[in-house]
Amino acid sequence: MSIRESIRFRLLFYTLLCSSLITLVITSLQLYLDYKNEVNFIEDRFALIENSYVVPLSHSVWNFDENAANVQLAGMLTLPDLVYAKVVQDDELLISQGREPENRQFLVTHDYALAYPIEGRAMALGTLTVVANLESIYVRLFDRMLVILGSQGVKTFLTSAFFLFIVQLLVTRHLTSIANYANSLMHTNMQSTLKLNRAVRHPEDELESLCNAINHMRVSALQDWQRQHCLVQLAQRLAAVNDPLSVMKCALSYLLDKLALTPQSRADVYFRGIHLSAKNVRTEAVYDQLVLQPIVDADSLSDCYVRSDVMLPPQLATTDGAQQTEIDIDRSEVRLICRDEGQLMFCIHLEDVDAELLCDSREQELFPTLMQYLLLKLRNVQATQFLESKVKEKANKLQAVIDALIEKNNDFQQAQKQLVHSEKMSSLGTLVAGAAHEIGNPNNFISVSASNLLNDLLNVQQFIYELAEGEAEVQAEFDLHFTKLYQHLALITEGTERISKLVNGLRNFSRFDKSEIAPTHLSGALESTLRLVKSAYSAIIEFRLDLQSDPEILANEDQMSQVFMNLLVNACQSIEEKRKGLQSVKAFNGLIQISSRTEGQNFVIEITDNGLGMTAKQQAKAFEPFFTTKPVGQGTGLGLSISYQIIQGHSGTLQCHSNPGEGVTFTLSLPISSL
């Protein structure tokens with residue numbers, strides 16, 4: 001502990017602080033009184049001038065006697081602290097004595113009217129101004145303050161030093177000894193007694209009472225620690241045993257450790273039809289000396305140790321519902337009985353022993369807890385033995401159930417694979433047959449016809465130009481009409497090209513090869529899948545594509561197209577369901593945002609919609625097979641499960657985040673190819 005944290009330092013600090021404050025207050029009061037006296041003296045001098053000098057000076061001025069007037073002004077300046085005097089008439093200086101100070105901060109000025117009596121009236125002659133300087137007063141007060149503060153400071157320091165010495169001698173050094181003793185006190189050295197380095201006081205003072213209280217507390221703590229240590233050892237030994245016989249042997253050993261035994265000492269323990277008996281007992285050999293003896297009549301044996309004519313003291317008997325604990329301890333005999341629901345649980349009987357230690361009240365307070373713990377341990381052991389037999393039986397049945405579940409799970413996985421393959425082939429057949437055939441062939445006819453029409457139109461235009469040769473106005477008029485026709489043909493050509501891209505996307509999506517994993521860029525597959533989805537939902541949903549990154553990854557492009565299709569179709573259907581539940585669909589705009597980025601060594605794609613969203617419970621089951629939020633007959637519940645398995649097969653992750661009514665965000669993360 002540092003000096004600044006000690007009591008001595010704080011006592012000295014507060015003593016000096018208090019003394020200094022008192023000194024400052026008294027000094028300030030004294031200086032204030034002195035200042036008031038000095039100011040009163042100056043006022044008295046101004047009054048003296050008014051009574052003694054004003055009239056003579058007025059006569060001198062009236063008689064134009066300048067010498068007499070100067071003598072009178074000089075006489076005024078002989079008074080202490082007066083430094084300047086002058087006579088002014090009509091703002092004109094007539095005479096003056098002394099030098100007017102430049103610094104007017106500490107000046108006190110007093111004016112006197114000069115008048116001469118003529119025929120009963122006073123003739124004004126001018127004004128006498130006298131200036132007093134307070135600077136010398138402040139200097140005297142400052143010097144006096146230094147003397148007072150210096151003398152008081154020396155007195156305060158000497159008083160505080162002496163007070164600090166007395167406190168150190170009588171208090172703090174003993175408190176330090178007590179603190180060091182307390183810090184060094186451990187259960188291994190609690191036998192040492194605290195003694196102060198001073199003579200014993202009679203009667204005791206405060207420090208002696210504190211020392212005796214600490215020693216008494218040390219003895220009590222040592223005894224409590226020893227009792228707790230014994231209980232901890234008993235608990236450790238009981239925790240290591242799993243049969244009733246060992247439990248009772250541990251309890252008996254705990255009691256014998258606290259008793260003084262004689263050659264005639266005898267120990268008997270009864271519990272649940274078992275009788276443990278030991279003669280000439282010794283603590284270290286109690287386990288070997290206890291022998292089993294069968295009980296013919298447990299109730300009769302227990303009754304012989306419970307005398308109905310003996311009234312147990314209230315502090316030695318407790319009752320808890322159907323449980324009853326009886327404790328009887330005297331100098332040579334100890335009897336502990338515990339019943340549960342009217343039946344004897346155990347009885348410990350010790351004879352011819354010295355039980356003086358157990359008669360202590362703090363020791364007896366532990367016995368109800370000890371017996372309750374023994375009762376709980378016996379119940380626990382019996383319950384454990386019963387449960388072990390049940391557990392073995394249940395384990396055999398459970399193993400049989402597990403084997404059956406494993407077999408069922410294998411069948412389920414096989415059936416799931418078959419369902420996945422069946423749904424995929426069904427979807428692909430519908431898309432390829434319905435889109436590629438039904439759309440592709442008519443689109444080819446339109447494309448070819450548009451091309452032929454363009455050629456014919458060019459020929460017609462050329463023929464008209466030849467007929468209207470030299471007619472510029474006629475040619476210009478036909479140019480306007482041909483320009484509109486060319487624009488219409490351009491729109492037809494653009495539409496056929498978009499249909500061709502859609503058909504190509506269907507064909508690319510239908511080429512599915514489960515074993516083909518190769519370095520690829522997923523932007524093409526994503527855009528192709530998006531075109532397919534937009535063709536069906538572009539009227540009600542806005543699609544925003546923001547591909548900030550498109551690294552090369554190891555993937556099966558066809559499988560990834562299936563994942564994109566599942567996620568996009570689910571998002572579209574969620575938005576469609578939300579529109580159906582709204583009263584006004586004009587205020588709701590469906591939106592699906594697809595973005596990509598690179599995070600470290602992973603390629604991340606996010607697909608976000610503003611549809612119905614999912615609850616936390618639905619999110620937890622989103623990737624489980626056959627789980628769906630759609631009405632019965634409108635979904636198989638395999639789309640997200642298939643997507644999840646495909647992403648796992650690519651060593652990636654697929655996560656879902658949603659708030660009900662705010663839409664869903666699916667985050668797809670795949671490792672970037674290192675090839």
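A few notes on this one:
- When each of K249/K394; K377/K397; K408/K621; K155/K195; K195/K258; K258/K377 is checked by Cα-Cα distance, pairs over 27 Å: K249/K394; K377/K397; K155/K195; K195/K258
- Amide hydrogen neighbours beyond the local backbone of A115, cut-off 5 Å, H modeled: L125
- Residue-wise HN-Hα couplings along region 202-217, as the Karplus relation 6.51 cos²θ - 1.76 cosθ + 1.60 with θ = phi - 60° gives them from phi, are 9, x, 5, 9, 5, 5, 5, 5, 5, 5, 5, 5, 5, 5, 5, 5 Hz; Gly and Pro carry x.
- Stokes-Einstein D in µm²/s, Kirkwood radius over Cα pairs - region 166-209 at 25 °C with 0.890 mPa s viscosity: 211 µm²/s
- Cβ-based net charge around K86, under 15 Å, with every Lys or Arg adding one and every Asp or Glu removing one: -4
- Karplus-derived 3J(HN,Hα), 6.51/-1.76/1.60, for each residue of region 594-603, Hz, glycine and proline x: 10, 9, 9, 7, 10, 10, x, 9, 10, 9
- Here the extension length gained between Q228 and S523 equals 98.9 nm, from 0.36 nm per residue of separation less the Cα-Cα distance.
- Derived scalar couplings between HN and Hα for region 26-36 equal 5, 4, 4, 5, 5, 5, 5, 5, 5, 4, 4 Hz in order, rounded to whole Hz, by the Karplus curve 6.51 cos²θ - 1.76 cosθ + 1.60 (θ = phi - 60°), x for Gly and Pro.
- Region 549-571 and region 590-618: distance between their alpha carbon centers, rounded to Å: 13 Å
- I446-I406 FRET efficiency (beta carbon distance; Förster radius 45 Å; 0.05 resolution): 0.15
- Extreme residue, positive dipole direction of region 204-244, given options A221, L207, V241 (C-beta unit charges): V241
- Here the gap between Q413 and R266, fully extended at 0.36 nm per residue and compared with their Cα-Cα distance, gives a gain of 45.8 nm.
- Protection proxy ranking for 556-562, 390-396, 55-61, using the average of other Cβ atoms within 10 Å per residue and placing the highest first: 556-562, 55-61, 390-396.
- Distant-in-sequence amide H partners of S332 (H built 1.01 Å from N, under 5 Å): A355
- Dimensions of region 61-124 from C-alpha coordinates, computed as largest minus smallest value along each principal axis and given longest first, are 43, 22, 21 Å.
- FRET efficiency, A395 to S246 (Cβ-Cβ, R0 22 Å, nearest 0.05): 0.30
We did not get these values from a lab; they are worked out from the coordinates using the rules stated. No experiment lies behind these values; they were computed from the predicted model shown. With ideal geometry, Cβ positions are generated from the backbone for all residues, glycine too; neighbour counts draw on all protein chains shown.
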